[in-house]
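Each remark here refers to the structure printed beneath this line.
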Amino acid sequence: MALEFRLPDIGEGLTEGEIIKWCVKIGDKVAEHQTVLEVMTDKAAVELPSPKAGIIKEILAKEGDVVPVGTVIFILDDGQTAVTSAGHSGHGHAKPAAKTETKTETKTETKTETKTATAVSAHDDKVRAVPSARRSARDLNVTLADVEGSGRNGVIRRSDVEAVAKSGRNVSSNNNASQISIPAGTRETRTPFVGLRRKIAEQMTRSKFTATHFTVVEEIDVTELVRLRQRAKAIGEKEGTKLTFTAFIMKACASALIKYPELNSMLDEKNNEIVTYHYSNLGIATDTPNGLVVPVIRDAQAKSVLTLSKELDAMADKARNGQLKAEDFQGGTFTISNAGQIGSIHATPIINFPQVAILGVHRLMKKPGVVETPEGDKIEVRQYMNFSISVDHRLADGVSAVRLLVHIKQLLEDPGLLAL
């Protein structure tokens with residue numbers, strides 16, 4: 001009379017998810033489609049609903065746990081069905097994870113882990129390990145990618161991880177001895193390092209230690225762009241959008257990426273190929289109360305400034321209301337990070353890996369500038385913005401970054417060219 005709910009594949013290539021919040025507790029009655037928990041994928045927090053009405057009988061993963069797709073995470077008593085499975089197809093009637101873990105420590109270890117192994121992802125480019133092995137790897141600070149699995153089809157078992165830990169091989173440098181522990185006090189608060197913040201940390205660390213970053217900066221005179229935007233604001237209002245500088249920058253950036261596609265690329269490490277895109281799907285780094293997210297505006301090269309502005313408005317509304325879906329984050333080929341409305345004159349943004357580059361946009365500043373006239377040079381109050389681009393030097397050279405910035409500079413200093 002129980003329904004086993006397995007973590008489903010809720011994103012492209014998802015192999016595991018982090019439990020960030022349980023919305024119910026054991027014994028709670030839930031309605032069909034009522035949100036039971038929130039899971040952090042590689043892209044976004046996703047709410048998982050109950051497949052049926054019933055009573056939460058067991059909860060098999062804690063907040064902060066990272067569990068493979070297919071793992072049973074809770075059991076629902078719907079008062080009708082025999083033991084069935086929901087949330088992930090193709091894995092039969094596996095035992096709950098907690099029970100599986102218990103069996104793993106008995107003489108039936110091999111049999112149990114074989115069953116559990118079916119719950120892990122079949123993606124060959126991901127580490128295949130049973131949940132107990134993943135937990136042991138985290139506890140013992142062993143890098144799973146460096147462990148040779150002895151289970152069926154090379155699946156890593158807990159005993160494999162423990163053997164590596166005992167040998168002292170492949171233990172992460174971030175071991176317990178070197179981790180920073182801050183004494184608890186009475187004048188600070190402590191918040192679990194989970195969810196979006198931890199996902200951002202993982203992604204940024206991977207990018208910083210994989211891509212070979214370098215950064216190029218350009219100062220752009222946007223005086224004419226400021227004047228154009230001021231004139232165009234009324235048109236934007238009639239079209240129902242608040243025309244911002246970001247839309248113009250997106251248009252210029254999309255044009256530059258089509259002209260210099262080596263900065264609109266990614267490295268397919270598995271197949272040892274450079275993938276170059278001939279369209280511009282722009283990720284826009286967006287600040288939200290829960291942290292930084294990067295939703296994607298697609299085919300920016302084919303859209304007008306007004307259309308880009310409208311899509312930005314819609315995306316911003318979804319971000320503010322927590323309505324972004326996993327698909328809103330997928331398919332980006334290049335990222336723009338615009339913190340100029342807050343401040344800053346210069347930064348070295350971290351690449352949204354595995355993209356090859358990211359553009360940083362900084363605040364608008366009035367400064368004295370030299371203007372060439374038929375009567376000679378004269379000093380005027382001009383308006384400037386700094387743009388910085390960080391590039392993965394494995395795939396692109398400094399000249400490519402400079403050429404892209406020069407193209408953007410040309411378009412933004414003479415914004416009438418954006419209409420061509």
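Take the solvent-accessible surface of the protein heavy atoms, probe 1.4 Å, and return the percent of it on the range 268-420 that carbon and sulfur atoms account for. Within the range 268-420, the accessible surface is 52 percent carbon and sulfur. Note on Leu364 and Lys208: their simple-model spin labels are 3.2 nm apart, each label 7 Å out from Cα toward Cβ. A simple count of charges around Ile56, restricted to other residues whose Cβ falls under 14 Å of its Cβ and scoring Lys, Arg +1 and Asp, Glu -1, yields -2. One chain, two ends: Val226 and Glu148. Fully extended at 0.36 nm per residue, the span grows by 22.2 nm beyond their Cα-Cα distance.
For the set Lys208/Lys310; Lys208/Lys366; Lys21/Lys166; Lys242/Lys378; Lys318/Lys409; Lys238/Lys318, the pairs lying more than 29 angstrom apart at their alpha carbons are Lys208/Lys310; Lys208/Lys366; Lys21/Lys166; Lys242/Lys378; Lys318/Lys409. Peptide packing: for 257-266, 282-291, the average count of neighbouring Cβ atoms within 10 Å per residue gives the ranking 257-266, 282-291, highest mean first. Computed from the C-beta positions of Glu372 and Ile26, the FRET efficiency with R₀ = 60 Å rounds to 0.20. Along each principal axis, taking the top coordinate minus the bottom one, the Cα set of the range 325-420 gives 55, 30, 27 Å in descending order. Of all beta bridges DSSP finds with both residues in the range 266-410, what is the antiparallel percent, to the nearest 5? The answer is about 75 percent antiparallel.
The values are calculated or read from the model by the stated rules, or taken from the named source; none is laboratory data. No experiment lies behind these values; they were computed from the predicted model shown. Please note: Cβ atoms are built from the backbone with ideal geometry, for glycine as well, and neighbour counts cover all protein chains shown. Each accessible area value is taken on the protein alone, full model and side chains, heavy atoms only, with ligands, DNA and RNA left out. Shrake-Rupley method; radii C 1.70, N 1.55, O 1.52, S 1.80 Å.
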